[in-house]
Amino acid sequence: MSGTGRPWARPVRIDQVIPSIVERDAVSHHTLEAQRVLRSMGFASEIFARDMGPGLAGRVRPLGELPQEGDGSQWVCYQLSIGSPAADVVLAHPGPKIVNYHNITPAPLVESWMPLLGDEVRLGRSQLVRLAEVTEMGIGVSRFNTSELVQAGYRRTAVAPLMVDVANFDPPPDRSKATALSHEKEGGGADWLFVGQMLPHKSHQDVVKAFACFLRAFDPCARLHLIGRESCPSYAEGIRRYVKALGIADSVDLAGSVSSSELAAYYRAADVLVCCSEHEGFCAPLLEAMRHGVPVVAYGVAAVPETVLDAGVVLATKMPSVVAAAVHQVLVDRSLRELLVERGTERAGEFTLERARRAFANAVGAAVAGGGPARDARAR
């Protein structure tokens, strides 16, 4: 029997639906990897998207072309990270369903800056609950996400990490950017780094506050680099004004979106990655930093403690003085820094693409096989 109590035969195909797919996006990359896994398991599998970015024509099909087989031969795997009419298409589909959950930012964290995004995430949370009633398996990319699936009413759940190829974290650094950053270092001072889209729940202002405290208390020559697409222009402008109001504009680099090679140069120059985000379903930049040998200091909310474990400094508060003092300790205590770099390298090494693929395949296999509850199933 299936998770919904209905018997299903082994499917011929498992197609994926995603609201929007673009290159250089973690959920999009995960979806493309999931297609490879599904095909390796012997299923026909296509990706159907409501919106798609450039460069994906031929690899992704319009959502309106999704087949509607109702005899159990076609399953649908929905990549859920935002509210979208695409979920209604999945809900109306006659075949069995899997939900791959990447988490949805709570509306109060974004709606004051982005009312439309607030509406979208509220819709997404409601669709998460509605999908539970008709889904054979809910797969979370972290235990934190899977716990939300359980709370939303999913009968069978599994954990399968985000399919991230850590080899993609290692492109050769951009020479021009690396030279410029190296030249800045000649004047002394530590380099702080934060990587994340300019969105309100990423809490760039809290990193800025802690950095301002660090400048005054420990290192007046330090620099802060904020990397990430300006997905909310008004919020990004607010951060610029805040930096200027604090009188630290000369020490803060709001770099925006950068190429993968430029990002590699920033990681090479960084002395610490500082994350004060209010909500993360996984947080791939934490692994990027560890992969590059950059110690992590992070506010321990949502999935952050689970991602970091003991490979970084995880704080119970993001009070500026506490964050600044933690960063200072990491920078001046050589033994602590070396320990964090060692543990970070080990932790990043645990998130191999092959292991994540195997976990996803096991979760899908459990869904297709049916049977009893699969709470917290994961790869062995």
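Read-outs: derived from the displayed coordinates by stated rules, not from any lab. Since this is a predicted model, take the numbers as computed values, not measurements. Note: ideal-geometry Cβ built from the backbone for every residue, glycine included; neighbour counts use all protein chains shown.
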Which ³J(HN,Hα) values, rounded to whole Hz and listed in residue order, are derived for region 102-114 from phi using the Karplus coefficients 6.51, -1.76 and 1.60 in 6.51 cos²θ - 1.76 cosθ + 1.60 with θ = phi - 60°, glycine and proline given as x? 9, 6, 10, 4, x, 4, x, 7, 10, 5, 5, 8, 9
Kirkwood-Stokes translational diffusion coefficient of region 145-188, alpha-carbon pairs, 37 °C, 0.692 mPa s, µm²/s: 222 µm²/s
Counting pairs of alpha carbon atoms under 8 Å apart in space and at least six apart in sequence, what relative contact order in percent does region 167-350 give? 25 percent
Amide H contacts under 5 Å for Ser142, restricted to residues at least 5 apart in sequence or on another chain and with H modeled in the peptide plane, are Ala160
Extension gain from Glu338 to Ser176, taking 0.36 nm per residue of separation minus the Cα-Cα distance: 55.5 nm
So how do Cys275, Cys283 line up by other beta-carbon neighbours within 10 Å, fewest first? Cys283, Cys275
Which FRET efficiency value, to the nearest 0.05, is calculated for Glu186 and Asp310 with the Förster distance at 51 angstrom and r the Cβ-Cβ distance? 0.90
Per region 80-170, sqrt(5λ) over the Cα gyration tensor eigenvalues, sorted largest first, in Å, gives 20, 20, 13
Taking a quarter of the surface of the convex hull around the Cα atoms of region 167-350, what do you get in nm²? 9.5 nm²
For region 315-366, the convex hull over Cα atoms projects on average to an area in nm² of 5.5 nm²
Virtual spin-label span in nm between Glu346 and Leu56, 7 Å along Cα→Cβ: 3.8 nm
Calculated from DSSP helices alone, with each H run of at least 4 adding -39500 (n - 2.57) and the total divided by the residues of the chain, [θ]222 nm to the nearest 500 comes to -13000 deg cm²/dmol
Quick query: amide H of His225 versus all other amide H atoms, modeled in the peptide plane; which residues come in under 5 Å with a sequence gap of 5 or more or a different chain? Trp192, Leu193, Phe194, Asp253
Please arrange Arg155, Arg10 by how many other C-beta atoms lie within 10 Å of their C-beta, fewest to most. Arg10, Arg155
List the residues whose amide H sits under 5 Å from the amide H of Tyr78, counting only those 5 or more places along or on another chain, with H placed 1.01 Å from N in the peptide plane. Val17, Ile98, Val99, Asn100
What is the percent of Cα-Cα separations in region 204-246 that go past 12 Å? 63 percent
Which ordering of His183, His279 is given by a fewest-first count of other beta-carbon atoms within 10 Å? His183, His279
Taking 0.36 nm per intervening residue step and subtracting the Cα-Cα distance, what contour gain separates Glu237 from Arg355 on full extension? 38.4 nm
May I ask you to list the lysines whose Cα is less than 19 Å away from that of Lys177, ignoring any residue fewer than eight positions away on the same chain? Lys185
